[in-house]
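The values are calculated or read from the model by the stated rules, or taken from the named source; none is laboratory data. Computed from a predicted structure; not experimentally measured. FYI the Cβ positions are ideal-geometry reconstructions off the backbone, even for glycines, and counts take in every protein chain you see. Ligands, DNA and RNA are stripped out before the accessible areas are found, and what is left, the full protein with its side chains, is counted by its heavy atoms. Shrake-Rupley method; radii C 1.70, N 1.55, O 1.52, S 1.80 Å.
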Amino acid sequence: MTASASASGQAAVPTPPTATVPATTTRPTATTAPGDDTASAGTTRWAGTKQFMQIRESWISGGRTYLSVRTARKVAVTDPHEAWLIVPGEGPYTTVLMATDARVLLSVPLGDNSHPYPYSQTEFVNRLMAEPSSSRSGLGYDLSFDGKGRVTRLQSLYTS
């Protein structure tokens with residue numbers, strides 16, 4: 001587990017290790033300051049908004065769930081049935097923190113149903129990381145952020 005330090009000496013949001021970790025494994029404890037409920041600097045631009053995003057990876061560190069995200073676009077597809085086409089974003093991914101009480105709603109292919117159904121953050125991390133990285137770019141999520149830039153709601157879009 002690596003964590004970068006800011007110029008002021010405060011620990012930043014942990015970054016995932018480069019080695020592959022089985023999806024059911026919780027990553028080591030982060031070096032973020034106790035009680036630090038903010039995500040990395042720069043994610044406050046999404047504070048208080050709802051964004052459509054891709055998630056490259058997710059991990060749990062120190063009992064908190066982190067997501068590596070970037071904005072994307074969604075296009076409704078109605079033939080042969082209703083679903084969404086995900087148009088991948090461009091540019092770097094940003095690490096954001098999920099609120100401890102964030103709601104996770106998953107649909108196919110990450111969830112078991114075509115309609116959104118609640119899952120725990122741990123189930124989400126395990127299901128996402130079990131997907132090949134090449135498949136993750138075709139998945140999209142509506143994310144709601146609180147005033148501190150933490151994800152309070154994550155809903156995957158149904159893709160066929």
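List pairs: first in the range 101-114 and open to solvent by less than 10 Å² (accessible area, probe 1.4 Å), second of a type in the set (Asp, Glu) and assigned to a loop (DSSP other than H, G, I, E, B), Cβ under 9 Å, 6+ apart or cross-chain?
Leu106/Asp112; Leu110/Glu131
Would a scan of the range 71-87 turn up a residue that is under 14 Å from the mean Cα position of the chain (by Cα) and either open to solvent by less than 70 Å² (accessible area, probe 1.4 Å) or modelled with pLDDT of 95 or more (or both)? Let's see the steps before the verdict.
Step one: filter the range 71-87 for residues under 14 Å from the mean Cα position of the chain (by Cα), giving 71-72.
Add one more test, that the residue is either open to solvent by less than 70 Å² (accessible area, probe 1.4 Å) or modelled with pLDDT of 95 or more (or both), and what stays is 71-72.
Within the range 71-87 (the criterion being under 14 Å from the mean Cα position of the chain (by Cα) and either open to solvent by less than 70 Å² (accessible area, probe 1.4 Å) or modelled with pLDDT of 95 or more (or both)), the answer is yes, since at least one residue qualifies.
Got at least one residue in the range 44-57 being crowded, with 18+ Cβ neighbours inside 10 Å, among the small types (Gly, Ala, Ser) and in contact with a strand residue (DSSP E or B) (Cβ under 7 Å, 6 or more places away or on another chain)?
Taking every residue of the range 44-57 in turn, none turns out to be crowded, with 18+ Cβ neighbours inside 10 Å, among the small types (Gly, Ala, Ser) and in contact with a strand residue (DSSP E or B) (Cβ under 7 Å, 6 or more places away or on another chain).
Quick check on my filter: what residues within the range 63-80 are free of Cβ contacts under 8 Å to residues at least 40 places away in the same chain and outside any strand (DSSP E or B)? Explain how you work it out, then say what you get.
Within the range 63-80, the subset free of Cβ contacts under 8 Å to residues at least 40 places away in the same chain is 63-64, 70-71, 73, 75-76, 78-80.
If the condition is that a residue be free of Cβ contacts under 8 Å to residues at least 40 places away in the same chain and outside any strand (DSSP E or B), then Gly63, Thr78, Asp79, Pro80 are the ones that fit.
Can you tell me how many residues in the range 121-153 are at pLDDT 95 or above, within 13 Å of the chain's Cα centre (by Cα) and in a loop (DSSP other than H, G, I, E, B)?
2
Pro92 is checked against (1) modelled with pLDDT of 90 or more; (2) surrounded by 12 or more Cβ atoms within 10 Å (Cβ to Cβ) and fails just one. What number does that condition carry?
If we test Pro92 against (1) modelled with pLDDT of 90 or more; (2) surrounded by 12 or more Cβ atoms within 10 Å (Cβ to Cβ), just (2) comes out false.
Looking at Ser114, Ser120 in this structure, which one is out of contact with any helix residue (DSSP H, G or I) (no Cβ under 7 Å at 6 or more places or on another chain) and over 23 Å from Ala47 (Cα atoms)?
On the way: Ser120 fails: over 23 Å from Ala47 (Cα atoms).
It is Ser114.
Mind listing just one residue for me: the one in the range 123-134 that is exposed (fewer than 14 other Cβ atoms within 10 Å of the Cβ) and in contact (Cβ under 8 Å) with a residue 12 or more places away in the chain and, of those, nearest to Glu57 (Cα to Cα)? I'd like the intermediate steps shown before the answer.
First, the residues of the range 123-134 that are exposed (fewer than 14 other Cβ atoms within 10 Å of the Cβ): 130, 132-134.
Within this subset, residues satisfying the condition of being in contact (Cβ under 8 Å) with a residue 12 or more places away in the chain are 130, 133.
Numbers: Ala130: 10, Ser133: 8 Å.
Among them, the one singled out is Ser133.
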